[in-house]
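A short worksheet on the structure shown next.
The values are calculated or read from the model by the stated rules, or taken from the named source; none is laboratory data. For clarity, every value in this text was computed on a predicted model and none was experimentally measured. Every residue, glycine as well, gets a Cβ built from its backbone with ideal geometry; the counts of neighbours run over all protein chains shown. Ligands, DNA and RNA are excluded from the accessible area calculation, which covers all protein heavy atoms including side chains. Shrake-Rupley method; radii C 1.70, N 1.55, O 1.52, S 1.80 Å.
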There are 2 protein chains.
Amino acid sequence: MKKIAIQGIQGSNHHIVANNYYGANISLDECLSFDVLVDSLINSRSEQAIMALENTIAGSIIPNYALIDKYNLHISGEYYLPIHHHLMALPNQQIEDITEVCSHPMALLQCKEFFKQHKHIKLVEDVDTSAVAKRIADQQLKGIAAIAPKMAADIFGLSIIEDEIQTIKNNATRFVIIQTSHPENGKNEINKASLRFELDHKRGSLAAVLNVMSDCKLNLTKIQSLPKIETPWKYAFFVDVTFEAYEDFEKAKAIIQIMAEEFKILGEYKNGRL
Amino acid sequence: MKKIAIQGIQGSNHHIVANNYYGANISLDECLSFDVLVDSLINSRSEQAIMALENTIAGSIIPNYALIDKYNLHISGEYYLPIHHHLMALPNQQIEDITEVCSHPMALLQCKEFFKQHKHIKLVEDVDTSAVAKRIADQQLKGIAAIAPKMAADIFGLSIIEDEIQTIKNNATRFVIIQTSHPENGKNEINKASLRFELDHKRGSLAAVLNVMSDCKLNLTKIQSLPKIETPWKYAFFVDVTFEAYEDFEKAKAIIQIMAEEFKILGEYKNGRL
C-alpha cells in the first residue's frame, strides 16, 4: 500500500485526485499545509505527494513553485481535476438558516458571485475545505456551512444545500505528483516537462531560449517569471513544454543548458491533459 | 485634495505608498478588499487607487491582474516599497505574553521562520495588517499581537515587541497606481509599459513576439501566462517592458498589434525602480 501525502483531509480535492490517480489501494497522510506536505516527503512519512499547482481562475499557486524549487523535489506526473464547489451543512437546514460559511480562501474566491446574492452569510477563511465539513459533523454545528466537494458530504454525512456554486462553471485545477527521488518514467511515456532557469539581463535572452524551444518542436504551455528570493527583481523562469518525440526535448535540453543559468528540470512526465 | 483609494486602513503599506507617492495632501478611501478598491474607482469615490501587484517573495498577486483586465483599468504609475514587518501589541507585553497573532495571510507567510521559533503563538488570518493593530488598540486586547508597519504602531499607540521579523530581509512589493480613465503621462517621462495579449497555439508564436520586442530594443522585466477565464487552458500573456525611447515602444506596439490577439496596453508610465 503506497503512502501518499495530500493537502487537506479526506474528502478534499487532493483526496479525489489521489483516488483517481492511484486507485483505492493507498494510505493517506493528511497534511494541513503545503509545508507539512513537503515535510512528509522529506521525512519519508510518504512516498509521493499530491500538490495543487495551478487553477484556471486563480492562476499559479506561486509559493508551491518555490517549495518544489527550494527542496529540489521532482514532478513525476500531473492530473487535471474539474472543480465543483457545493454548499453543505447538517441535514434539514435551508440557505436562510446559514449565518456563516467557512472554507479555504481559494474556494471562497471562486464562489464570490454566489455569496453576493446571500449577503446575510458571513465568510470566514479556513485552512481546508473538507476539515470544515468534518468539524460541522463532529460538533453538530448548526447555522454553519462548508464549501467542499461532494465526496466530503458523503463521508461526513452532510446535506448539500446548493450545488455547483462556483462562479465560473468550467473551473479546473492542475495537480502535480511530487517526490524526493528522481522519477523513473520511461522515455516513451514522457511528453511534457517542467523547466526552471535564470537568464542574465541581456536584451533578447528569453526570446533566444524560446527560439531554441520552437526550433526543437517544443510547445510552450506555460511561462512565468518569478522573482528570485534574496535577489530582488532578478527573475527565474518557470516553463512547461509539451513535445512528441523525447529526442527533440533532449536536444533542446542540451542547448538551453549552455544558454541559461541555473537550469533545472523540475520533472519529465506524461501530459495529463486529455 | 485628491481622493485616493487604498487597500486596508491607515497605517497599512498601501497608506505608506500613498504618502510617499502623493505627499500628504490626499484624502483616503480605506477599502477592505481589492474588489472594494476597484468599486471605489468605478463609482468615483476615488480618483486613483493604489494596488499591490507583485512581491519579491510571493510573486504576482494574480487576482489583481484579473481585476485590472476585467474592469479595463489603466496603470498610470508604479512604486516599489521595501516591506518591514514588525510584531506589535499593547504596551508592556513580552513575546511570552502573546498567545495569538492576527494578520494578512501574506504577512504571516513572510514571517514563517520567526513563528517557527515561537510555537506557542497561534496564527490567525485576517483581511488587513493595520486593521488588527487598530482592533487591539480600540478593544485594548491583551495577549494578541499584529504584524504591521511601524506607521501602524505610531498611529494606534502600540509597542513593537520584535522588529523586522520577515524571513527574507530584502522583501519589496511593487504597487501600481490605477485609474478608470486614460492617464495623461507625457511621452518624455514614459519608459515602462504593461501589456496584455493572447496568442494562438502555433508553436513559436510567443518567441516571435519576444523577438519583435528585442528588435525594438525593449527590455522584458516580467512575463506571465495566465489562464483565460471561461476558456480553460487558453492563455493570455502579461508582459512588462522598459525602454529608453518612446518611439521604440511605439514601433513594437504597431507590430505586436498585428501579430497578437486581444492586444491591450494596461499602462504606459515611469519606471519606479531607481
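Using r as the Cβ-Cβ distance of B:E100 and A:E113, and R0 as 22 Å, what FRET efficiency do you calculate, to the nearest 0.05?
After rounding, the FRET efficiency stands at 0.10.
To the nearest 0.05, what FRET efficiency results for A:M259 and B:K187 with a Förster distance of 41 Å applied to their C-beta separation?
According to the calculation, E is roughly 0.70.
Which of A:K187, A:K150, A:K70 moves the most in a Gaussian network model of chain A with Cα springs under 10 Å?
Judging by the Gaussian network model, the answer is A:K70.
How big is D, in µm² s⁻¹, for chain B by Stokes-Einstein at 4 °C and 1.567 mPa s if Rh is the Kirkwood radius over C-alpha pairs?
64
Kindly compute the accessible surface that chains B and A hide from a 1.4 Å probe when together, both sides summed, and give it to the nearest 100 Å².
3800
Inter-copy label distances at A:K3, 7 Å along the Cα→beta-carbon direction, one decimal in nm, shortest first?
Relative to the other copies, A:K3 has label-point distances of 6.0 nm.
Long-range amide H contacts for B:D126: which residues qualify at under 5 Å (H placed 1.01 Å from N, peptide plane, sequence gap of 5 or more or a different chain)?
B:S103, B:H104
Compute the signed sum of charges (Lys and Arg +1, Asp and Glu -1) over the other residues within less than 10 Å, Cβ to Cβ, of A:N219.
Local charge sum for A:N219: +2.
What whole number of Å gives the distance from the Cα centroid of segment A:1-37 to the Cα centroid of segment A:201-221?
36
Past 26 Å, Cα to Cα, is the threshold; run A:K142/A:K169; A:K217/B:K192; A:K228/A:K270; A:K222/A:K264; A:K116/A:K169; B:K70/B:K112 against it and keep the listed order.
Distance filter (> 26 Å) returns A:K142/A:K169; A:K217/B:K192; A:K228/A:K270; B:K70/B:K112.
Let's test this: bin the Cα-Cα distances of segment B:86-162 at 5 Å from zero up to the farthest pair and state each bin's percent.
Histogramming segment B:86-162 at 5 Å steps yields 3, 19, 33, 28, 14, 3 percent.
Restricting to the protein assembly as shown, compute how many DSSP beta bridges are antiparallel as a %, nearest 5.
Percentage antiparallel, nearest 5: 75.
Please report the antiparallel percentage of DSSP beta bridges with both residues in chain A, rounded to the nearest 5.
Roughly 75 percent of the beta bridges in chain A run antiparallel, per DSSP.
When the Kirkwood hydrodynamic radius is evaluated over all pairs of different C-alpha atoms of the protein assembly as shown, what value in angstrom, to one decimal, is obtained?
24.8
Assigning unit charges at the beta carbon (Lys, Arg +1; Asp, Glu -1) and nothing else, what dipole magnitude in debye, to the nearest 20, does the protein assembly as shown show about its Cα centre?
Computed about the Cα centre, the dipole is about 500 debye.
Among the DSSP beta bridges whose two residues both lie in segment A:1-84, what percent are antiparallel, rounded to the nearest 5?
25
Please give the charge dipole size of segment B:144-208, origin at the Cα centre, charges +1 on K and R Cβ atoms and -1 on D and E Cβ atoms. Round to the nearest 20 debye.
Computed about the Cα centre, the dipole is about 420 debye.
Positive end of the dipole of chain A, charges at C-beta (+1 Lys, Arg; -1 Asp, Glu), about the Cα centre: which of A:A193, A:H14, A:I42 has its Cα farthest in that direction?
A:A193
How far, in nm to one decimal, is A:G186 from itself in the other copies if the label point is set 7 angstrom along Cα toward Cβ? Shortest first, please.
List, nearest first: 6.9 nm.
For segment A:112-196, state what percent of all Cα-Cα pairs lands in each successive 10 Å bin, counting from 0 Å until the bin that includes the largest distance.
12, 35, 22, 18, 12, 1
Could you compute the net charge surrounding A:I98? Neighbours are other residues with a C-beta less than 11 Å from the C-beta of A:I98; K and R count +1, D and E count -1.
Taking every other residue near A:I98 into account, the sum is -2.
Got a sec? Which residues of segment B:10-50 lose 50 Å² or more of accessible surface with every protein chain in place, vs. that chain alone, 1.4 Å probe?
There are none, since nothing in segment B:10-50 loses 50 Å² or more relative to the chain on its own.
Rounding to the nearest 20 debye, state how big the charge dipole of chain B is about its Cα centre with +1 on each Lys and Arg Cβ and -1 on each Asp and Glu Cβ.
Once rounded to the nearest 20, the dipole reads 360 debye.
Mean separation of Cα pairs under 8 Å and 6+ residues apart, divided by the residue count of chain B: what relative contact order is that in percent?
It comes to 23 percent, rounded to a whole number.
Need one value: the accessible area of B:S130 in square angstrom, 1.4 angstrom probe, rounded to the nearest 10.
Accessible area, nearest 10 Å²: 0 Å².
Tell me, what is the per residue accessible area of chain A in Å², probe radius 1.4 Å?
Accessible surface, normalised per residue, equals 43 Å².
For B:K112, place a label point 7 Å from Cα along the Cα-to-Cβ direction in every copy; what are the distances to the other copies, in nm, shortest first?
2.5
Keeping the other protein chains in place, figure out the carbon and sulfur percent of the accessible area of chain A, with a 1.4 Å probe.
Roughly 49 percent of what the probe reaches on chain A is carbon or sulfur.
Taking amide hydrogens as modeled 1.01 Å from N in the peptide plane, which residues meet the under 5 Å criterion relative to B:N271, leaving out close sequence neighbours?
Here the answer is B:N191, B:K192, since their amide H atoms fall under 5 Å of that of B:N271.
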